[in-house]
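The values are calculated or read from the model by the stated rules, or taken from the named source; none is laboratory data. This one's a predicted model, so the numbers in the text were calculated from it and none came from an experiment. Every residue, glycine among them, receives a Cβ derived from its backbone with ideal geometry; neighbour counts consider all protein chains shown.
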Amino acid sequence: MTASQTTSEAPAVQDEALEVGGHTLTSRLIVGTGKYATNEVMVDAIRASGADMVTVAVRRVDLDRTKEEGVLHHLDPKEFFLLANTAGCYTAEDAVRYARLARAAGFNEFVKLEVIGDETTLLPDVQATVDAAKTLSDEGFKVMAYTNDDLVTALRLEDAGCVAVMPLASPIGSGLGVVNPYFIREIKRRLEVPVIVDAGVGTASDACVTMEQGVDGVLMNTAIAAADDPVRMAHAMRSAVWAGRSAYLAGRMPSREIAVPSSPTAGMLD
Amino acid sequence: MNTTEMIEIRLNGKPHDLAAGQSVRELLESLDLHPGMVVVELNREILERDRYDEFTIGEGDTVELVHFVGGG
């Protein structure tokens, strides 16, 4: 359907651009390219999201199937900044191998480092993540590290040379939203490199709440790809990220468990 | 007609037969793969794209051909 664009445009807000590892992003929303029903919907949804950085995975070419399954047949690397991930890796060695393969594709030095430690929750193996981050940073990679919402690990990753630290809101693909906003805020307060919340956002309000914590950006995939209407959800996420960021910059009122009237108490009739 | 010597390699985790003496570039051509769309790992070593001609595939070699797919 061709809907009016008026409801999908985010209001203008004064904000500085997000810079990660020397690269300037025009959007604080980073999106994945997985799980879409069709490549056409994927491209439409990514455009609707306004994201300029998109994640991709490194996998074997399936020689028994069409060669068109490669995402570069559908996504123009001149239009989007490709952030390759090491998704699916369970050891630091594997993650380093995948990162090197990704870099050999010749687009950039960035990698979304992901070392999984548990198959059920897909929670990260933080020790292996720190080890891989050190190795890759020493090799000149610009590492954006997926991690849990643990402050000490986040500090270790920053020390390891990561250009961004990306704590989860909740487990990958869970759609549970930010389960621990306090620790997300604490990580943001303590780190100097950008903090981008990665994984767990389920719907627009989650993205908004995430950005209200003051983080620099948010990365999501399933919340858009698995929506009934991914293009519409991408619009919603774009607006929500803007709204949350604006609310953070605006500075919210104190919350208190007591009512305070908004209208004058004086001047009431007898 | 020459009888071409055949060799067996491991290609993306599966046995694969090909003529002896082929370069990596020739292998990609035989698979109808554009060199710019894949990354090649030969016996765990990543090959630079402009050197695919220089590497000849030998009996028992392990070749991995990878590319970017959708992911989060």
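Considering only region B:48-63, I want to know if a residue exists there that is modelled with pLDDT of 95 or more, within 12 Å of another protein chain (Cβ to nearest Cβ) and within 30 Å of A:Met220 (Cα to Cα). No, that holds for no residue.
So, of the residues in region A:44-67 that are more than 10 Å from chain B (Cβ to nearest Cβ) and not in a loop (DSSP other than H, G, I, E, B), which turns out to be farthest from the chain's Cα centre (by Cα)? Looking at residues that are more than 10 Å from chain B (Cβ to nearest Cβ) and not in a loop (DSSP other than H, G, I, E, B), I get A:Asp44. Exactly one residue out of B:Leu33, B:Leu27, B:Leu18, B:Leu47 is surrounded by 12 or more Cβ atoms within 10 Å (Cβ to Cβ), under 22 Å from A:Phe107 (Cβ atoms) and out of contact with any Lys or Arg (no Cβ under 8 Å at 6 or more places or on another chain), and it is B:Leu47.
Quick check on my filter: what residues within region B:58-72 are aliphatic (A, V, I, L, M) and in contact with a helix residue (DSSP H, G or I) (Cβ under 6 Å, 6 or more places away or on another chain)? Once the filter is applied, which keeps residues that are aliphatic (A, V, I, L, M) and in contact with a helix residue (DSSP H, G or I) (Cβ under 6 Å, 6 or more places away or on another chain), region B:58-72 yields B:Val66, B:Val69. Suppose the filter is among the charged types (D, E, K, R), facing another protein chain (nearest Cβ under 8 Å), more than 10 Å from the chain's Cα centre (by Cα) and under 25 Å from A:Leu113 (Cβ atoms); does B:Glu41 pass it? The answer is no for B:Glu41.
Taken together, the criteria exclude A:Gly177 from residues that are within 14 Å of chain B (Cβ to nearest Cβ), assigned to a loop (DSSP other than H, G, I, E, B) and within 13 Å of the chain's Cα centre (by Cα).
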